[in-house]
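This report concerns only the one structure given below.
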Amino acid sequence: MPNTTRQTSDASVTGEFDRPLLLTPGQDLTGYLTATVGKALLLAVTCASVLAVILIFVFITREAWPFLTSGSVGELLGNSNWYPAHESAEFGALALLAGSLYVTAGALIIAVPVGLLAAVFLSDIVPFRLRQIIKPVIELLAAIPSVAYGFFAYLVLAPWMQKNLGLPTGVNALNASLILAIMAVPTIISIAEDALTSAGRELREGSYALGATRAETLIKVVIPAAHSGIIAAVILGMMRAIGETMVVWMASGNAAQVPSPWWDLGQSVRTMTATIAGEMGETVRGSAHYHCLFALGFVLLVITFTLNLIGEYFLSRARRTRGGAK
């Protein structure tokens, strides 16, 4: 009877494997070919993605090169007069760059505190089951099309701001900043919450064992331990804001000016992305205006690429810290 039980147990264990322990030459060759083809396909997909990014860089640089080598870069970055369609054209993009920085900075001022507090709430305060419900709902905000946010900003938020805040116009830098903050919050919350959770229970329990309160543990232990991931979350949220087109096109007012006084977000501004989207379809291919728009795209590409590298650096630091903790 014991032998029968042992044989049955061995058979059940062996039956758990889909493949036999001893392969025939044909089965071995089939497995090798399948693995090789799978690796080749994955490598091809990866190389195609890298090639696409390189081609985008090459294309934008090629189209912007005539303007970059014409000696007008100083005017582009040092002049705020944007009159590309005039007979005596001026290509000063300083106001456009300032508009992009205004709406991005305004969005971060709103989104970073909200995102960080929400991430702390999800990682250390809310029960686990409730967190599994709240976090996917927050991340769904990133799936809403930007044009829907733009319509909300233009048709709902702009009239409300003009009526209740006494602003001369509802389409301004503040309007665009509020909507961009809503769009950046899911990215900041998701990445920051992952970084805070990855800090581990050991740090929290050690802090509690030393007599620290929950607030002291969060402020002095957990958040400093996850600072790399939090910085990466802020940078990626900044990239979400600075690269947005439809929302700022519909909500910022599209006035190529630097606000005066500088702190007044109630004035209309114009961003680089909105300028490229609004004017590219009306320019003559090969004209100075055409190449100037690609120069704007080149500047924007350099900014976003730099932010991406910084974000990847802090994410890699967070991963190394997480691995060391384990």
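The values are calculated or read from the model by the stated rules, or taken from the named source; none is laboratory data. It should be emphasised that the depicted structure is a prediction, and the values quoted were computed from it without experimental measurement. Positions of Cβ are backbone-derived with ideal geometry, glycine not excepted, and every protein chain shown enters the neighbour counts.
Out of Val247, Val302, Val284, Val234, I need the residue that is surrounded by fewer than 20 Cβ atoms within 10 Å (Cβ to Cβ), in a helix (DSSP H, G or I) and out of contact with any strand residue (DSSP E or B) (no Cβ under 9 Å at 6 or more places or on another chain). Which one? Step through it out loud before you land on a result.
On the way: Val247 fails: surrounded by fewer than 20 Cβ atoms within 10 Å (Cβ to Cβ); Val284 fails: in a helix (DSSP H, G or I); Val234 fails: surrounded by fewer than 20 Cβ atoms within 10 Å (Cβ to Cβ).
Result: Val302 is the single residue among Val247, Val302, Val284, Val234 that is surrounded by fewer than 20 Cβ atoms within 10 Å (Cβ to Cβ), in a helix (DSSP H, G or I) and out of contact with any strand residue (DSSP E or B) (no Cβ under 9 Å at 6 or more places or on another chain).
Here's the yes/no breakdown for (1) surrounded by 15 or more Cβ atoms within 10 Å (Cβ to Cβ); (2) modelled with pLDDT under 90; (3) outside any helix (DSSP H, G or I):
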{"position": "Glu139", "(1), (2), (3)": "no, yes, no"}
{"position": "Ala148", "(1), (2), (3)": "no, no, no"}
{"position": "Ala158", "(1), (2), (3)": "yes, no, no"}
{"position": "Met161", "(1), (2), (3)": "yes, no, no"}
{"position": "Asn175", "(1), (2), (3)": "yes, no, no"}
{"position": "Leu178", "(1), (2), (3)": "yes, no, no"}
{"position": "Ala184", "(1), (2), (3)": "yes, no, no"}
{"position": "Glu193", "(1), (2), (3)": "yes, no, no"}
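Within the stretch 27-72, being of a type in the set (Val, Ile, Thr), surrounded by fewer than 11 Cβ atoms within 10 Å (Cβ to Cβ) and more than 32 Å from the chain's Cα centre (by Cα) holds for Thr34, Thr36, Val37.
For the stretch 78-99, the set of residues classified as free of Cβ contacts under 8 Å to residues at least 40 places away in the same chain and more than 16 Å from Val269 (Cα to Cα) consists of Gly78, His86, Glu87, Ser88, Glu90, listed by residue number.
For the residues Leu307, Leu265, the requirement of being in contact with a helix residue (DSSP H, G or I) (Cβ under 6 Å, 6 or more places away or on another chain) and outside any helix (DSSP H, G or I) singles out Leu265. Restricting the stretch 78-94 to residues that are assigned to a loop (DSSP other than H, G, I, E, B) and of a type outside the set (A, V, I, L, M) leaves a set whose member that is surrounded by the most Cβ atoms within 10 Å (Cβ to Cβ) is Gly92. When the criteria are applied in full, Glu75 fails the requirement of being under 26 Å from Asn254 (Cα atoms), free of Cβ contacts under 8 Å to residues at least 24 places away in the same chain and either loosely packed, with under 10 Cβ neighbours inside 10 Å or among the small types (Gly, Ala, Ser) (or both). Here Ala255 passes the criteria (1) within 27 Å of Val73 (Cβ to Cβ); (2) out of contact with any Leu (no Cβ under 6 Å at 6 or more places or on another chain); (3) assigned to a helix (DSSP H, G or I) except the one numbered (3). Tell me yes or no: at least one residue of the stretch 243-252 is under 22 Å from the mean Cα position of the chain (by Cα) and more than 29 Å from Gly150 (Cα to Cα). Checked the stretch 243-252: no residue is under 22 Å from the mean Cα position of the chain (by Cα) and more than 29 Å from Gly150 (Cα to Cα).
Check off (1) in contact with a Gly (Cβ under 9 Å, 6 or more places away or on another chain); (2) in contact (Cβ under 8 Å) with a residue 24 or more places away in the chain; (3) more than 15 Å from Ala176 (Cα to Cα); (4) not charged (D, E, K, R) for Gly229 and give me the number that stays unchecked. Only one criterion is unmet by Gly229, namely (1). Residue-level check: of (1) in a helix (DSSP H, G or I); (2) under 25 Å from Pro127 (Cα atoms); (3) at pLDDT below 90, Ala199 misses just (1).
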